[in-house]
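J.: Below are the structure tokens for one structure; questions will follow.
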Amino acid sequence: MPLLSRARHTFTTEVTGPTPSRLDLKNAVAKDLKVEPELVIIKHIYTKFGKQEIKIIAHVYENKEGLEKFELGKLVEKHKAPEA
């Protein structure tokens, strides 16, 4: 999606236990794609009933300005680390 200065990535993975948090998934996607975690937004997390499988749709932005321009503030807040 070059006009939006982002790329959409879809991942499917198996997990054990509860569904990982958005923050954990964001860091895993950033590590896998070798980008800064601040440029990754997890748009959707789909779970499959009866399976330990999740589908993740992530947007990876080229720069921080594009992320701030196109993503809703509430979604960006969900991706921040909780303060101690």
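J.: Given a 1.4 angstrom probe, what's the average accessible area per residue across the chain, in square angstrom? Please list the in-between numbers first.
T.: Working: 6040 Å² over 84 residues.
Result: 72 Å² per residue.
J.: Let me ask something additional. Only Cα pairs within less than 10 Å get springs; with that Gaussian network setup on the chain, which residue of Phe49, Phe11, Phe70 has the largest fluctuation?
T.: Phe49
J.: Pop out the ³J(HN,Hα) list for the range 47-63 in order, Karplus 6.51 cos²θ - 1.76 cosθ + 1.60 with θ = phi - 60°, rounded to Hz; leave Gly and Pro as x.
T.: Once θ is set to phi - 60°, the couplings for the range 47-63 become 10, 10, 4, x, 10, 9, 10, 10, 10, 10, 10, 10, 10, 10, 8, 6, 8 Hz.
J.: Any chance you could run the full-extension gain for Lys31 through Ala7? It's 0.36 nm times the residue separation minus the Cα-Cα distance, nm to one decimal.
T.: Working: separation 24, 0.36 × 24 = 8.64 nm, distance 1.56 nm.
Length difference between fully extended and current span is 7.1 nm.
J.: Using the alpha-carbon atoms, what tilt in degrees (0 to 90, nearest 10) does helix 22-33 show relative to the longest principal axis of the chain?
T.: Computed tilt is about 70 degrees.
J.: Here is a further query. Given 0.36 nm per residue, what is the gain on full extension from Glu62 to Thr16 after removing their alpha carbon distance, in nm? Mind dumping the intermediate values first?
T.: Working: separation 46, 0.36 × 46 = 16.56 nm, distance 3.19 nm.
That pair, Glu62 and Thr16, stretches by 13.4 nm at full extension.
J.: Using the per-residue mean of other Cβ atoms lying within 10 Å as a proxy for protection, in what order, highest first, do the peptides 19-28, 60-69 fall? Please report the intermediate quantities before stating the final value.
T.: Working: 19-28: 16.7, 60-69: 14.5.
Top to bottom by mean Cβ count within 10 Å: 19-28, 60-69.
J.: Separate question: Taking the simple approach of a point 7 Å from Cα along Cα-to-Cβ for both Glu53 and Val76, what is their distance in nm?
T.: 3.5
The values are calculated or read from the model by the stated rules, or taken from the named source; none is laboratory data. Computed from a predicted model, the values in this text were never measured in an experiment. Neighbour counts run over all protein chains shown; Cβ positions are idealised from the backbone, glycine included. These area figures cover heavy atoms from the full protein model, side chains too; ligands, DNA and RNA do not enter into them. Shrake-Rupley method; radii C 1.70, N 1.55, O 1.52, S 1.80 Å.
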